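Just below is one structure, and these are the notes that go with it.
The values are calculated or read from the model by the stated rules, or taken from the named source; none is laboratory data. Just so we're clear, the structure is a prediction, and the values are computed from it rather than from any experiment. Here the Cβ is made from the backbone with ideal geometry for all residues, glycine too, and neighbour counts use every protein chain on show.
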């Protein structure tokens, strides 16, 4: 994962799927999070911000959405590879190669969906508490839920929980609060995202309904995304620098550690812009430009040193071993025949046997820590 070059992070990189899927939260030169330390003193170290100038006059807020994502399976791969001459004719001195792709997978076992829902509910309730502690005037979530626009937003969302699949077999479980749907278009798939585009024409997209609700209630909106993960895997790549030289080793490094990252987004009431939907529709359509929405996101993973598992078992299957053996043999035969090959696979699977009580306690502590620091950072720049 790459470190950020400045305290600020741009809007795109602070969004959830970049921060969590593409590795915007840095572990390079990582600083240890102190669960007993103050949120204010650690906020600059762990929290980056974007568009914070729009926090001016943000006082009365309401939590419009709170989504928590848990890593269930994480994987990474790396490959050996030939340089730019690999696979060319022997006349120019190139030796054909048999390259291999190394794949490593870790899966969490022993933590149940009901346990994760309990964590999600506690984390979202605590998020409201942290906002209040930071000095924001919080509108009760019961008032939010009673609003007609909120009900329409929920009706168009995706039932929680559901599984989100990332690259290479990575799996996450996405949860909203109990009894609520996930409404963020980044989670709900292409078809739902397309539907949101059509709804925006008539002023019925999630963002527009949120803005209309905020206007009615005279509040600034808050959207929260959290990710709890249990392992970090990183491959050393699939080619040498620029692909010019041979890459003769492939390595996947791993670290089993409970960690939380996230983002806290504000939709300032003062930035709401409304206009007539169309000549045929006199109703106002309201929205806030994305770059007018301050975001406070993790720039370092917030991790716990606590051992949250009883054991880590190698659960590589016989089928995996057969696949590895067969593909390596095919690759070697290709190389002997003068043809470079990259069909070989080396597959290893591990199972992390989770201690549910420890996992739940530590995950909540870390999520509360993130929210405390993010809320403190947001309050500081008002």
Please go through segment 142-169 and give me each residue that is out of contact with any strand residue (DSSP E or B) (no Cβ under 7 Å at 6 or more places or on another chain), more than 17 Å from residue 211 (Cα to Cα) and in a helix (DSSP H, G or I), ordered by number.
142, 167
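Restricting to strands (runs of 3 or more DSSP E) lying wholly in segment 282-382: which have 3 or more residues that are modelled with pLDDT of 95 or more?
On the way: elements: 284-287, 295-298, 302-304, 309-314, 341-354.
Correct list: 295-298, 302-304, 309-314, 341-354.
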What are the pairs with Cβ atoms under 9 angstrom where one residue, in segment 49-67, is at positive phi and without any contact (Cβ under 8 Å) to a residue 24 or more places away in the chain and the other, located anywhere, is part of a helix (DSSP H, G or I) and surrounded by fewer than 23 Cβ atoms within 10 Å (Cβ to Cβ)? Sequence gap at least six, or different chains.
none
Identify the single condition in (1) farther than 30 Å from residue 308 by Cα; (2) in contact with a helix residue (DSSP H, G or I) (Cβ under 6 Å, 6 or more places away or on another chain) that residue 111 does not satisfy, given that it satisfies every other one.
(1)
Neighbours by Cβ (under 9 Å, 6+ apart or cross-chain): first from segment 227-239, over 15 Å from residue 70 (Cβ atoms); second modelled with pLDDT of 70 or more and surrounded by fewer than 16 Cβ atoms within 10 Å (Cβ to Cβ):
233/253; 233/255; 234/253; 234/255; 235/253; 236/253
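May I ask you to verify whether residue 221 is farther than 30 Å from residue 304 by Cα and at pLDDT below 75?
Taking the combined requirement at face value, the residue does not satisfy it.
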